[in-house]
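See structure below.
The values are calculated or read from the model by the stated rules, or taken from the named source; none is laboratory data. As the structure is a computational prediction, the values presented were derived from the model and not from experiment. Here the Cβ positions follow ideal geometry from the backbone for every residue, glycine too, while neighbour counts run over all protein chains shown. Side chains are part of the model used for accessible areas, which takes the heavy atoms of the whole protein and leaves out ligands, DNA and RNA. Shrake-Rupley method; radii C 1.70, N 1.55, O 1.52, S 1.80 Å.
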Amino acid sequence: MNIVIQKFGGTSVSSVESRNKIVEKVKNKKNEGKNPVVVVSAMGRKGQPYATDTLIDLIKDCKHTSSRDLDLLMSCGEIISSVVLATQLKDQGLDAIPLTGGQAGIITDNYFGSATILKVDTHVLENLIKEGKIPVVAGFQGRNEKGDITTLGRGGSDVTASILGEALQADSVEIYTDVDGIMTADPRLVPNAKVLSSIEYNEVFQLAEYGAKVIHPRAVEISMRANIPIYIKNTYNDSPGTLITNYNKLSVKKSIKNSIITGIAHILNVAQVTVQIKNNKTHFDPLFFTEIANKNISIDLINLFPNEKVFIIQHENIAILEDLLKQKNYDYKIIDHCAKVTIIGNRMRGIPGIMARIVSALSREGIEILQTADSHTTISCLIREEDVEIAVRVLHEEFHLG
């Protein structure tokens, strides 16, 4: 059916001028003989009238809000965007129709706030496409089998775009934002970071997982299993953007394909926890990590030794974890205000000397590495948060990513 999913983020739908840019993108697809299905986020960011965080603030002081009611409220931002954009498309001669996620056939479980999509009934969307209409779907949401509106968690509009792409067997998914594509590092830290013309599914999944705010990891996972290419593009210009696909299906520039490292990501506001077991006098409870999980605390960079257990947590979970550590009467040390910097690249697999280059580059700048972890395609270093900007820049330079 020549279907292309076009997803537009909050900044893209926040003004008449930016929505006019969207109209151009949609009209161009139509002129190419494609059938666009548009997915939209809520307008703008916190503080703007219809942004999701603004809607949440309306009831933040209320005592009797249920998760069901909160989802109903949070879904309004995307619904407003879908109606406003569909109306603007119609004013430009395009036959558009706004839909909630549920009306578009997205069926979820009952887990309000972070629902899992169970299935997509494509009947409505397929009929609209056959009639020549352009569906404008409210992202970030679906409905459960009782008909209640549910939301998909942060970044859920990306997930909506990918799941519709899979269900409709789309030719591609286009994610529009306010940058030219996926970059080798955060341009706020590295001014000479460059836009990647292409990247593998697994690499962009790792970038997103390790802190780069490019696309929701679940959205990448869905498109990867369906083998549908994703384009990350800029709403405000005609730059080609970044193509996310498999290299074996893509002819890429030799210089990019032969790069060992694809990009660098970082996560702030983490703390290193060291639990010390001195001279085997303290019994370490094997269920300790289960108890941490039961407190809804996620741990990472886990190193287990006979005399100490080392891991990291998010800063906001320190107080809860300390209470648990004190209950266990453990000796422990916490280093707060840390950051995890990760280099990512599928082609580093089996290449010797990568860790040596990282250590040398950071040491030259006097940056202390508190902990490391690696896989075949990633190497992460825990450092102090104050060193992040320098660390990302020197690693970017070390691996010639600029």
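Summary of computed values
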read-out	value
Whole-number D in µm²/s for the chain (Stokes-Einstein; Kirkwood sum over Cα pairs; 25 °C, 0.890 mPa s)	107
Most mobile of ILE232, ILE260, ILE297 in a GNM of the chain (Cα contacts under 10 Å)	ILE297
Rg/Rh for the stretch 337-401, where both radii come from Cα atoms and Rh is the Kirkwood radius	0.93
Ellipticity estimate at 222 nm from DSSP helix runs (n ≥ 4, -39,500 (n - 2.57)) divided over the chain, nearest 500	-9500 deg cm²/dmol
Average accessible surface area per residue within the chain, 1.4 Å rolling probe, Å²	47
Residue with peak Gaussian network fluctuation, the chain [Cα springs, cutoff 10 Å], from HIS216, HIS376, HIS64	HIS64
³J(HN,Hα), Karplus 6.51/-1.76/1.60, whole Hz, each residue of the stretch 330-343, x for Gly, Pro	8, 7, 8, 9, 10, 9, 8, 6, 10, 9, 10, 10, 10, 9
Cα-based convex hull volume of the stretch 124-265 per residue, rounded to whole Å³	136
Average Cα contact separation per residue, the stretch 1-50, under 8 Å, 6 or more apart, as relative contact order %	53
Accessible area, probe 1.4 Å, largest first, for residues ARG225, ARG188	ARG188, ARG225
Placed amide H near TYR111: partners under 5 Å, 5+ positions off or other chain	THR116
With every protein chain in place, the chain: carbon and sulfur % of accessible area (1.4 Å)	48
Among VAL40, VAL310, VAL137: highest mean-square fluctuation, GNM of the chain, C-alpha pairs under 10 Å	VAL310
Cα-based Lys pair tally, the stretch 16-156, threshold under 15 Å, eight or more apart or on separate chains	16
Euclidean distance of C-alpha centroids, the stretch 167-238 and the stretch 109-157, integer Å	22
Where labels lie 7 Å past Cα in the beta-carbon direction, separation of LYS146 and ASP53 in nm	3.1
Relative contact order for the chain, counting Cα pairs under 8 Å that sit 6 or more residues apart, in percent	13
Whole-angstrom Cα spans of the stretch 1-48 along principal axes, big to small	40, 18, 7
Shape metrics for the stretch 250-402, restricted to C-alpha atoms - Rg then Dmax, Å	17.9, 60
q = 0.15, 0.18, 0.20 Å⁻¹: log10 I(q)/I(0) that the Debye formula gives for the stretch 1-140, counting C-alpha atoms only	-0.75, -1.01, -1.18
